[in-house]
Every structure is written in structure tokens, then in C-alpha cells.
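To start, the structure itself, in C-alpha cells.
Bear in mind these aren't lab numbers, they're just calculated from the coordinates by the rules spelled out. What you are looking at is a predicted structure, and each value in this text was computed from that prediction instead of being measured. Reconstructed Cβ throughout: ideal geometry from the backbone, glycine too, with neighbour counts over all protein chains shown.
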Amino acid sequence: MNNSSVVEAKFIRGKIKSKSTTLWISTDNFKKESIQNKFHFDENEKPIICYFKNSSYWWLLTNMLLAIYNNDKITNYKLVDIERVELNNLFDGTIDKKEYSNLDLYIGNQHIQLGLEKGTWPIIYNIFKFIIRSPSDAGM
């Protein structure tokens, strides 16, 4: 099973109207070059989705990991290590669902707050739920 294509299909079916969150194959060349200047793909690694807020903050989901670039520092998280995903504060009534722009990922004791483009949280949340539920030996 090729989970990368499943993730791409989930993203497409989500029909989100986004400018900064795109499938890698649809990402414009300027953004791709900016990311590739900071991140180098391993052999057999396939980029799937990227969020490019600006040149100081972006993230890239590949078939192997989540790479987050924030203020000249890139941090990689293996997908198999992500234990859970949550939408902290979304349903407590303090934040408008249309304005929500974070996803909370957990790896062991580590909490990662992933910045999102407004309006994309439902599909990105579902993609990470799928990744977490997928058998780690199947690969993406």
C-alpha cells in the first residue's frame, strides 16, 4: 500500500481553499526552492504536503517525517514517532473555528505546536490521525 497517495487523496478530497498549504506537486517553484535550500531529502523520501507561511516559518510533510522550519532552525520528526494529535482550545469556545490555526502533536513527553493556515485544520488533523493509525512497518 502506498500511503503517500492516500494522504494526497485525503488532501484533495478535503477541498480546502488554501493559498499557503498545498500538495508538493502543486507548490510554486519559489516556495519549493526556498524549502530545498534548507531541507535535503533522503533517498526514497517523497514530499507530500507543505505549508509555507513565509520564509521564516514553513513545514513539510514527507512520507517519512514532518520537517518544521522556524526562524532559521529546522526540526525533523519521524512520522512513526508521533503518538497523538489534538486540537487544544478549539472546542472550549474561546476561538472561532474559522480562525483556528494550530495543531498539537505529541511525541513522548514532547508537545509540538504546528502552525496551520486558517481553515485547513480539519483536513490536516485527519491526515495526522490517519498517519498515527497506519501501521509503522507499512511505510508511506
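A few remarks follow.
- Dividing the helix sum by the residues of the chain, where each DSSP H run of 4 or more adds -39500 (n - 2.57), gives a mean residue ellipticity at 222 nm of -7000 deg cm²/dmol.
- Members of LYS19/LYS98; LYS10/LYS38; LYS15/LYS78 lying beyond 19 Å, as alpha-carbon distances in this model show: LYS10/LYS38; LYS15/LYS78
- Subtracting the Cα-Cα distance of LYS73 and ILE25 from their residue separation scaled by 0.36 nm leaves 14.8 nm.
- Computed from label points 7 Å out along Cα-Cβ, the spacing between GLN110 and GLU86 is 1.8 nm.
- From phi via Karplus (6.51, -1.76, 1.60), per-residue ³J(HN,Hα) for the range 23-29 in Hz, x at Gly/Pro: 5, 4, 5, 9, 6, 5, 4
- By the Cα gyration tensor, the chain has an equivalent ellipsoid whose semi-axes, rounded to whole angstrom, run 21, 18, 16 from largest to smallest.
- Estimated FRET transfer efficiency when R0 is 30 angstrom, pair LYS97-LYS53 (beta carbons, to 0.05): 0.95
- Top of SER101, SER20, SER55 by mean-square fluctuation, Gaussian network on the chain, Cα under 10 Å: SER55
- In this structure the amide hydrogen of SER101, modeled in the peptide plane, comes within under 5 Å of no amide hydrogen from residues 5 or more places off or on another chain.
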